[in-house]
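Chemist: Attaching a single structure in structure tokens format; questions to follow.
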Amino acid sequence: MHQLHFFPSRTMALYVGRLFLVRSFSILFALVLILQTLDLLGESGKILAVAGNSDSDVWRYVGMRLPQIVETFLPFSVLLGTILTMVTMNQNSEVIAMKASGMSAHQVLAPLFLAALLVAGISFAFNERIVTRSTAALSAWQKVEYKKVPKDSGIRTNIWVRDGDNLINAATVDTSGPVITLGYVTIYERTGGVLSSMLSADSARAVAGGWEMTNARRFMRRSGTLEPLGTIVAAKGVRPDQFTLAQVDGDELPFLKLKSAIDDLEAAGRPVDALKGVLWHKISGPLSAILMPLLGAVAAFGLARSGKLFIRAIIGMGLGFAYFVADNFALAMGDLGAYSPFLAAWGPFILFALIGEMILIRTEE
């Protein structure tokens, strides 16, 4: 009957889960403390070198950087916590006792999966509420080299928008006034993907039914002639908000806001595949914590006295770190457009879930 229950013993489940969580968060605390100290050694000099900055700005940096380090190394901590828990239980013959009572390998690992799911939920909420805000604030501060961050002037530069087959480039987009104003606008008019003419203007402002272009002129590619047009209304299908979409950093936005930004960018004709990969990874990233007990389980089984326990622990660590390498590689390929957004975010997760399950079944089940 034990085989029919995922958690045959509530006492055992609580014991193993508590052991796993304590070890995982202890390792996370140690890693964060060491890595934050090393990071601060390199950045504190840059912060204090700016006139007017003091020790409080160093602590301000720590407050912004700490959530990023926690986000990055939480899965590593879960992996190491799994291996340490399983090695300890193996050495104390606790795994053997569980197996002897009729429990399967999956039932032995079940409390770890449940605890890892809890960690994944905490990780997702932490990333959404804290990491995105600290990343945005730190990025803005680092762009001005730890000086005082200036207020947004409302001016964007070098903005591209797609209008059907045509491409529109605005050298500047001024949103500070009551009406959006474009500076030095060029519309690349294309037929079947081939450039036919270029419509340029010194400025353009949003009006009912399109954009009023001042000092407009059209250059005809085939004849090589330039035709002055004066003030005209063009780009009638282009909305003002298509020009106000700033460069979106997926790491700086929570899930729902990023999804909304992707929808807006897609409507504006901007490429969004890389951002879609980041959007999916906001789910697959925290869920990678559930993979760690599966990948580190190789250290749980096998006789401790056989002398191969250390090798099993190394194999478990190798599998875990291989997953992180594959995950970063897939995201990079997604940014380059070589992988689809779904494959970039979920491919490594599915692959290593299958690998971990195969190893577990072949060795113990």
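The values are calculated or read from the model by the stated rules, or taken from the named source; none is laboratory data. Nothing here was measured: the structure is a model prediction, and the numbers come from that model. Ideal geometry is used to build each Cβ from the backbone, glycine not excepted, and the neighbour counts take in all protein chains shown.
Chemist: Scan L195, L199 and give me the residue that is crowded, with 16+ Cβ neighbours inside 10 Å and assigned by TED's automatic domain parsing to the domain that holds K236.
Modeler: L199
Chemist: Just give me the residues in segment 226-264 being modelled with pLDDT of 90 or more and assigned to a loop (DSSP other than H, G, I, E, B), in sequence order.
Modeler: Passing the criteria: only P254.
Chemist: Let me ask you something else. Would you pick out the residues in segment 49-87 that are loosely packed, with under 14 Cβ neighbours inside 10 Å and assigned to a helix (DSSP H, G or I)?
Modeler: Correct list: D55, S56, W59, G63.
Chemist: Filter segment 172-202 down to residues that are under 18 Å from R162 (Cα atoms) and in contact with a strand residue (DSSP E or B) (Cβ under 7 Å, 6 or more places away or on another chain), then give me how many there are.
Modeler: Summing the residues that are under 18 Å from R162 (Cα atoms) and in contact with a strand residue (DSSP E or B) (Cβ under 7 Å, 6 or more places away or on another chain) in segment 172-202 gives 20.
Chemist: Looking at segment 342-365, which of the residues that are in a helix (DSSP H, G or I) and modelled with pLDDT under 90 is surrounded by the fewest Cβ atoms within 10 Å (Cβ to Cβ)?
Modeler: Applying the filter and picking the extreme gives R362.
Chemist: Going by the conditions given, is A115 free of Cβ contacts under 8 Å to residues at least 12 places away in the same chain and either within 18 Å of the chain's Cα centre (by Cα) or assigned by TED's automatic domain parsing to the domain that holds N53 (or both)?
Modeler: no
Chemist: Would segment 35-45 turn up any residue that is surrounded by 20 or more Cβ atoms within 10 Å (Cβ to Cβ) and either more than 29 Å from the chain's Cα centre (by Cα) or not β-branched (V, I, T) (or both)?
Modeler: Checking segment 35-45: not a single residue is surrounded by 20 or more Cβ atoms within 10 Å (Cβ to Cβ) and either more than 29 Å from the chain's Cα centre (by Cα) or not β-branched (V, I, T) (or both).
Chemist: Working only within segment 192-244, note down all residues that are under 25 Å from V272 (Cα atoms), of a type outside the set (V, I, T) and in contact (Cβ under 8 Å) with a residue 40 or more places away in the chain.
Modeler: Selection gives A235, G237, P240, Q242, F243.
Chemist: Among the listed residues A110, A140, A105, which satisfies the condition of being more than 30 Å from D202 (Cα to Cα), small (G, A, S) and free of Cβ contacts under 8 Å to residues at least 40 places away in the same chain?
Modeler: A140
Chemist: If you don't mind, another one. Any idea which of R162, R205 is among the basic types (K, R), under 27 Å from the mean Cα position of the chain (by Cα) and part of a strand (DSSP E or B)?
Modeler: R162
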